[in-house]
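Colleague: The structure is given below, and queries will be raised subsequently.
The values are calculated or read from the model by the stated rules, or taken from the named source; none is laboratory data. Computed from a prediction, not measured in an experiment: that's the story for all the values here. Heads up, the Cβs are rebuilt from the backbone with ideal geometry, glycines too, and the neighbour counts pull from every protein chain shown.
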Amino acid sequence: MSAKQLLVVDDSTSMRQMVAFALTSGGYQVSEAEDGQAALEIARTRSFDAVVTDVNMPRMDGISLIRELRQLPAYRFTPLLMLTTESGTDKKMEGKAAGATGWLVKPFDPEQLVATVRKVLA
Amino acid sequence: MDVSRFHAAFFEESREGLDAMEGGLLSLESGGAGADPETINVIFRAAHSIKGGAATFGFTAVTDLTHVLETLLDEVRGGRRVLDRDTIGVLLSSVDVLRGLLAVCEHGGEIDAGALGAARAALDALLAGGKAAAPQPAPAKDAADADAGDWRIAFVPGPQLFLTGNDPLRILRELASHGEMGVECVDGRLPPFSEMDPFEAYLAWNLTLPGSVPRAAIDEAFAWVADECEIDVASVPAASAPEPAPEPAGGPAAAPAPATAAAPVGEIPVPAARRSTDHDNSIRVAVAKVDALINLVGELVITQAMLRQRSEHLDPVANEALLAGLVQLERNTRDLQESVMGVRMLPVDFAFSRFPRMVRDLATRLEKKVVLRTHGEATELDKGVIEKIVDPLVHLVRNAIDHGLESPAERRAAGKDETGTLTLSAAHQGANILIEISDDGRGLDRERILRKAAERGIAVPENPTDAQVWDLVFAPGFSTRDEATDLSGRGVGMDVVKKNITALGGQVEIRSRAGEGTTVAIRLPLTMAIVDGMSVAVGGEVFIVPLGMVVESLLPAPGDVRTIAGEARVLRVRDDYIPLIDLATQYGLPPSARGEDAPPPIAVVVEADGRRLALEVDELLGQQQVVVKNLEANYKRIAGISGATILGDGRVALIVDAGGLAQSAPMPVAA
């Protein structure tokens, strides 16, 4: 079986590369996008098994991205995870309302990230 | 998993973030951006990203401070706090402290605990004082009531569960991983097949787990779906007979796992070409790589010149196709060279961007009111030139605020606006870039400059024009130290400014009008990697004299050359005597067979560092663009030589450092 395809979205290059590196090490095929708009454009051209997105981003934030992705037939049931620094519940609930599957709270360690992704893709 | 390899990217991006914060705060303060909500968003986002990265990479001190900063910014963003001048001041100092913290994280060293404490205290004071006290997050209730008996869990998924990408099976699987789980499916909600919506969740479950499983683990398994599902977790005495699990409300239930329904239903492909074309795509490349590329192109230019030279004697008719190809090659090479040079070009904003903050701080300290305007920030300039122009610009800006602009009281008295204007502008002019620093202050004082020049024994032309008087400011030793404040008088004078600019192949001049202000204009070549040169023959070798320094070349008549004090030779150029330097002797080449006082075949008059001198050469060969190769990097520094280049025929030619020669030449003698 070929490796699952993931899309990682973060405007911070270091975070994005770190997340991508962790997931690649976890055996996934990872594509990257630097904001919601770019991610949406990529997601329209091909499908991913899961999307991991930052929340606060220029152009299109993670929550809008999730809302848009859920409108796409191919992403109706796809796990969409948000990476958030907010420990409060507001953002999480906003994300849930937009269709997010779940969230990871920054800081997380790379193993934890891989374990969570593995869980939703099981 | 080692993530330290991402540190460099994090530091770089954090520095950019801090710059963005600083710029944004300053523009909010000056009201330039008005109530543009995007500015505060940009500032917030930068703080937020730094916090997230720092937390992930384990830079706790940075995380803690950005957290407080972010809380404050969030209040501003939400309209719960007004961003007044004091608040901006505190935020700016925090940015400085963060910069320091990041530098310590990156390069090691001691954290400046005093500054950190002060910044933290100031932020805390703001947060405590503001109406919007940070909402105290309710301490997470850690239900530690988990020692009693087994867990009984009634789990009724919300009907829309699948539509967020969640799957009850995943949750069950996760729970089962903690211990042996009893599972009872409740399918009371399942409608007749004909009415079933394949996207809806109908099934529910009653679960049992051993009491040894921590409550937190159960909560975590449901964390993402708790809001949309009915979940009832209860602890029952282990020994007791299995009671019926709490009946799921409505006894309803679940659905076919819609794994099949997740198949793409009709994806509309979008041409890949549409992807992010509107975005400012950029990549980060090490400067060394770009320089290597520039070097290679330099080699190509040389090879191309060599081919052209070799082809010159070919029969144009017999070799028509080859010659046409060579012309094409020349054009392509030139285009390639221009494009590659363009890669090293950066907007002059890299130098300008530091000034808003500096001007603000200086003005505050000197109790002056100053507004800074910048024009042409996008004008591009070679990276090397930009880096070297910063110090002179800093000096000039300091001077303008310290000496040029008056205090608010003086300005009022002079009938001017209390707030002085300082303008930084950049624009292209041919192969040069023109950078101007203007103030609308008191202007230079002609009499005082002349008096000072006399005091310091600086030679002053007779009946000097204004331009000549202003030029005295650049004379070595003119430093106005006796009256300089600690801001602008720090060691370097205007002579150093001029020297730095000249070293870049540039020129500087002052325009000033009493009561109206002063403008310092700096003209710089766009790049230092290529110069227009005049090639000259000396003692059988070829040398390049930078064309920008050449004033004229002339054929001296007999009697124009004099030897003074037995050693130094001077050349009469019209009514002036200027030092005459024999390049052959200077560079240790076989001396010419001519007599001491015989006129050189040709003298090239150059001007550098405000002095003129004549260079004795055998022959003028022509003009050409040459690619400058650094001699120091490849060999060592040689007095009188600023670099080397490779000629079309493959020979190395040295580039004459006219500035260096002018400094070591004997002073011109007043005839």
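Colleague: What's the number of the condition A:ARG46 fails, among (1) at pLDDT 90 or above; (2) within 9 Å of another protein chain (Cβ to nearest Cβ)?
Modeller: It fails just one condition, (1).
Colleague: Any idea which of (1) modelled with pLDDT of 85 or more; (2) closer than 17 Å to A:THR53 by Cβ is the one A:MET93 doesn't satisfy?
Modeller: Evaluating A:MET93 over (1) modelled with pLDDT of 85 or more; (2) closer than 17 Å to A:THR53 by Cβ leaves (1) as the failure.
Colleague: Something else about it: For B:GLY24, are the conditions met, namely being within 11 Å of chain A (Cβ to nearest Cβ), of a type in the set (Gly, Ala, Ser) and part of a helix (DSSP H, G or I)?
Modeller: Values: within 11 Å of chain A (Cβ to nearest Cβ): no; of a type in the set (Gly, Ala, Ser): yes; part of a helix (DSSP H, G or I): yes.
Answer is no for this residue.
Colleague: Considering each of B:SER194, B:SER235, B:SER177 in turn, give the residue that is without any contact (Cβ under 8 Å) to a residue 12 or more places away in the chain, more than 30 Å from A:GLN71 (Cβ to Cβ) and of a type in the set (Ser, Thr, Tyr). Write out each step before concluding.
Modeller: On the way: B:SER194 fails: more than 30 Å from A:GLN71 (Cβ to Cβ); B:SER235 fails: without any contact (Cβ under 8 Å) to a residue 12 or more places away in the chain.
Of the residues listed, the single one that is without any contact (Cβ under 8 Å) to a residue 12 or more places away in the chain, more than 30 Å from A:GLN71 (Cβ to Cβ) and of a type in the set (Ser, Thr, Tyr) is B:SER177.
Colleague: State the number of residues belonging to the stretch A:17-36 that are in a helix (DSSP H, G or I) and in contact (Cβ under 8 Å) with a residue 24 or more places away in the chain.
Modeller: Narrowing the stretch A:17-36 to residues in a helix (DSSP H, G or I): A:17-25, A:36.
Narrowing the set further to residues that are in contact (Cβ under 8 Å) with a residue 24 or more places away in the chain leaves A:18-19, A:21-23, A:25, A:36.
Selection size over the stretch A:17-36: 7.
Colleague: Can you tell me how many residues within the stretch B:155-175 are at the interface with chain A (Cβ under 9 Å from one of its Cβ atoms) and touching a Pro at 6+ places or on another chain (Cβ under 6 Å)?
Modeller: Pass one, the stretch B:155-175, residues at the interface with chain A (Cβ under 9 Å from one of its Cβ atoms): B:162-167, B:169-170, B:173-174.
Still in the running and touching a Pro at 6+ places or on another chain (Cβ under 6 Å): B:162, B:165.
Summing the residues that are at the interface with chain A (Cβ under 9 Å from one of its Cβ atoms) and touching a Pro at 6+ places or on another chain (Cβ under 6 Å) in the stretch B:155-175 gives 2.
Colleague: Taking the options B:GLU406, B:GLU380, name whichever one is among the charged types (D, E, K, R) and within 20 Å of B:THR519 (Cα to Cα).
Modeller: Working: B:GLU380 fails: within 20 Å of B:THR519 (Cα to Cα).
One residue alone meets the criteria, B:GLU406.
Colleague: Which of the residues spanning the stretch A:23-43 are facing chain B (nearest Cβ under 9 Å) and surrounded by 24 or more Cβ atoms within 10 Å (Cβ to Cβ)? Can you show your working first?
Modeller: Taking the stretch A:23-43 as the starting set, the residues that turn out to be facing chain B (nearest Cβ under 9 Å) are A:25, A:33-35, A:37-38, A:41-42.
Within the stretch A:23-43, just A:ALA33 meets the criteria.
Colleague: Just for strands (runs of 3 or more DSSP E) wholly inside the stretch B:575-668: which have at least 1 residues that are at pLDDT 85 or above and over 33 Å from the mean Cα position of the chain (by Cα)? Give the derivation first.
Modeller: On the way: elements: B:576-582, B:602-608, B:611-617, B:619-627, B:641-646, B:652-656.
Because the criterion is at least 1 residues that are at pLDDT 85 or above and over 33 Å from the mean Cα position of the chain (by Cα), the strands (runs of 3 or more DSSP E) in the stretch B:575-668 that meet it are B:576-582, B:602-608, B:611-617, B:619-627, B:652-656.
Colleague: When you scan the stretch A:109-119, do you find a residue that is at pLDDT below 90, part of a loop (DSSP other than H, G, I, E, B) and under 30 Å from B:SER4 (Cβ atoms), even just one?
Modeller: The answer is yes; a qualifying residue exists.
Colleague: On to the next question. Which residues, taken from the stretch B:54-101, are in contact (Cβ under 8 Å) with a residue 12 or more places away in the chain, polar (S, T, N, Q) and within 14 Å of chain A (Cβ to nearest Cβ)?
Modeller: B:THR56, B:THR63, B:THR66, B:THR71
Colleague: Separate question: Just to be sure, is B:LEU18 within 14 Å of another protein chain (Cβ to nearest Cβ) and modelled with pLDDT of 90 or more? Walk me through how you get there before you give the answer.
Modeller: Values: within 14 Å of another protein chain (Cβ to nearest Cβ): yes; modelled with pLDDT of 90 or more: yes.
Judged against the criteria, B:LEU18 is a match.
Colleague: Can I ask one more? If we keep just the residues of the stretch A:37-81 that are under 10 Å from the mean Cα position of the chain (by Cα) and in a helix (DSSP H, G or I), which is nearest to A:LEU6 (Cα to Cα)?
Modeller: Initial filter on the stretch A:37-81 (under 10 Å from the mean Cα position of the chain (by Cα)): A:39, A:50-55, A:62, A:65-66, A:79-81.
Then drop every residue that is not in a helix (DSSP H, G or I), which leaves A:39, A:62, A:65-66.
Working: A:ALA39: 11, A:GLY62: 15, A:LEU65: 15, A:ILE66: 14 Å.
Step by step, filter the stretch A:37-81, then rank; the result is A:ALA39.
Colleague: A follow-up question, please. Pick out the one residue from A:THR116, A:THR89, A:THR78 that is in contact with a strand residue (DSSP E or B) (Cβ under 7 Å, 6 or more places away or on another chain) and more than 8 Å from chain B (Cβ to nearest Cβ).
Modeller: Details: A:THR89 fails: in contact with a strand residue (DSSP E or B) (Cβ under 7 Å, 6 or more places away or on another chain); A:THR78 fails: more than 8 Å from chain B (Cβ to nearest Cβ).
Just a single option satisfies the conditions, and that option is A:THR116.
Colleague: Also, I was wondering about something else. Can you tell me which of B:GLU616, B:GLU632 is touching a residue at least 12 places away in the same chain (Cβ under 8 Å) and among the acidic types (Asp, Glu)? Give the steps one after another, and end with the answer.
Modeller: Values: B:GLU632 fails: touching a residue at least 12 places away in the same chain (Cβ under 8 Å).
Every option except B:GLU616 fails the conditions.
Colleague: Report, by residue number, each residue of the stretch B:367-393 that is among the aliphatic types (A, V, I, L, M) and surrounded by fewer than 17 Cβ atoms within 10 Å (Cβ to Cβ). If you could, list the steps in order and put the result at the bottom.
Modeller: Within the stretch B:367-393, the first condition is being among the aliphatic types (A, V, I, L, M), and the residues that meet it are B:370-372, B:378, B:381, B:385-386, B:389-390, B:393.
Result: B:VAL371, B:ALA378, B:VAL390.
Colleague: Hey, among B:THR71, B:THR39, B:THR87, B:THR56, which residue is assigned by TED's automatic domain parsing to the domain that holds B:ALA113, at pLDDT below 85 and in a helix (DSSP H, G or I)? Even if it seems obvious, please write down each step before you answer.
Modeller: On the way: B:THR71 fails: at pLDDT below 85; B:THR39 fails: at pLDDT below 85; B:THR87 fails: at pLDDT below 85.
The unique qualifying residue is B:THR56.
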